[in-house]
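The structure under discussion appears below in the form of structure tokens.
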Amino acid sequence: MAKECNSTSCTKESCEGCPSKKPQSMLVDMNKDSKIKHVIGIVSGKGGVGKSFVTASLANQMAQKGFNVGILDADITGPSIPKMYGLQGPAQANDEGIYPMTAENGIKVMSVNLLLPQEDEPVIWRGPILANMVKQFWSDVIWGDLDYLFVDMPPGTGDVPLTVFQSLPVEGIVIVSSPQDLVKMIVRKAYKMAQMMNIKVLGVVENYSYVLCPDCGKAIKIFGESHIDEIAAELEMEVLGKMPINPLYAEAADQGAFHTVNNEYVEKAVEKLYLMGKE
């Protein structure tokens, strides 16, 4: 039997290989009735860059390819996924767990908005409570068999993203950005956090890259020139898409009809996810 460590008997040499020195896993067990193959995080260093839009776009594309897909809305204080898919709670539950709601295209969704009495009810919780809610979305929700679970993260590098990286078996992340010069720093923050947590960065998607003139079709870069290629080259990651501003996509989200959206601008990211599913 291995000798237990204590502060009086241990030296640096004698503690090498000691069981108590081995890092302990913080992963939370998923619900016993869930079987999820790939967990993909969608992250951004700041808000307002279209992270939920990218999450839902990727989920739609993978569902269209015949995969079983779910979205875990980890943006507890600013959830938007249910509204985009026209879903309203309350979600059903029993002694076995909580059942996600299903969008018209078959995507399973769990969000705090599906548990609140009113969708516009504010969530005024401190960090530890938010983090515990995300863990429960993994451990208490009956996801069933999923090929991909996309986790729509809150912006930044705070409690909830940290909890997701530590508690869920995240296989890789997609960083969402926009063309503003400020975003250079923000992308680096998200990238460095993933590195520190030993999470693979699949690549970056730039939103709001341009808008197409409805008369002549010219691309108008209303936020200025994109810097995403140089940032990606510096960090040695792949640019997985550059998305224009499309009023039709925004209209579909506002009307709860995002299940009808086929966002071709994330096709490169979809190809990468598709290959992951075939491994």
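Just so it is clear, none of the values below were taken in a lab; they were calculated from the coordinates. Here the structure is a predicted model, which is why all the values come from computation and not from measurement. Here the Cβ positions follow ideal geometry from the backbone for every residue, glycine too, while neighbour counts run over all protein chains shown.
Efficiency by 1/(1 + (r/R0)^6): what FRET value for Asp229 and Asn94, r their Cβ-Cβ distance, R0 = 45 Å, to the nearest 0.05? Once rounded, the FRET efficiency stands at 0.35.
Estimated at 0.36 nm per residue, the fully extended path between Asn105 and Lys37 surpasses their Cα-Cα distance by 22.5 nm.
Per residue, the convex hull spanned by the Cα atoms of the chain measures out at 177 cubic angstrom.
As a length-normalised measure over Cα pairs under 8 Å and 6 or more apart, the relative contact order of the chain settles at 24 percent.
Taking a Cβ cut-off of under 10 Å around Met153, the surrounding Lys, Arg, Asp and Glu residues balance to a net charge of -2, with basic ones at +1 and acidic ones at -1. In the stretch 107-131, whose amide N lies under 19 Å from the spot 7 Å out along Cα-to-Cβ of Thr260? List them in ranges. Correct set: 107.
Under the classification rounded if a/c is under 1.5, otherwise prolate if a/b is larger than b/c and oblate if not, where does the stretch 120-238 fall, given a ≥ b ≥ c as square roots of the Cα gyration tensor eigenvalues? Prolate.
Give Lys184/Lys242; Lys51/Lys272; Lys83/Lys189 a once-over and call out the pairs whose C-alpha atoms are over 25 Å from each other. Listed pairs above 25 Å: Lys83/Lys189. Length available on full extension from Gln118 to Leu248: 0.36 nm per residue minus the Cα-Cα distance, which gives 44.1 nm. Ranked for footprinting exposure by Cβ neighbours inside 10 Å, fewest first, Phe223, Phe137, Phe258 give Phe223, Phe137, Phe258.
Per-residue ellipticity at 222 nm, computed for the chain from helices alone with -39500 (n - 2.57) per DSSP H run of at least four residues, works out to -8500 deg cm²/dmol. Distance from the Cα centroid of the stretch 92-129 to that of the stretch 164-236 is 28 Å (rounded to whole angstrom).
Between the Cα long axis of helix 51-64 and the first principal axis of the chain there is an angle of about 90°, rounded to the nearest 10.
Placing unit charges on each Cβ (+1 for Lys and Arg, -1 for Asp and Glu) gives the chain a dipole about its Cα centre, and among Ser80, His38, Gln166 the Cα reaching farthest toward its positive end belongs to Gln166.
Rounded to the nearest 20, the size of the Cβ-charge dipole of the stretch 171-255 about its Cα centre is 220 debye, with Lys and Arg at +1 and Asp and Glu at -1. Rounded to the nearest 0.05, the FRET efficiency derived from the C-beta distance between Ser25 and Leu212 at R0 = 45 Å is 0.40. In the chain, the longest principal axis of the Cα atoms and the axis of helix 267-278 are about 40 degrees apart. Quick one: grab the alpha carbon gyration tensor of the stretch 16-175, order the square roots of its eigenvalues as a ≥ b ≥ c, and give me rounded if a/c is under 1.5, else prolate or oblate depending on whether a/b is larger than b/c. Rounded shape, in that the Cα axes give a/c under 1.5. Ordering Asp29, Asp120 by the number of other Cβ atoms within 10 Å of each residue's own Cβ, fewest first, gives Asp120, Asp29. Cβ crowding within 10 Å ranks Ile231, Ile124 as Ile124, Ile231, fewest other Cβ atoms first. Between 0 and 90 degrees, the angle of helix 127-139 with respect to the longest Cα principal axis of the chain falls at about 90 degrees.
Projecting the Cα atoms of Ala232, Val270, Ala219 onto the dipole axis of the stretch 193-279, where Lys and Arg carry +1 and Asp and Glu carry -1 at the beta carbon, places Val270 farthest toward the positive end.
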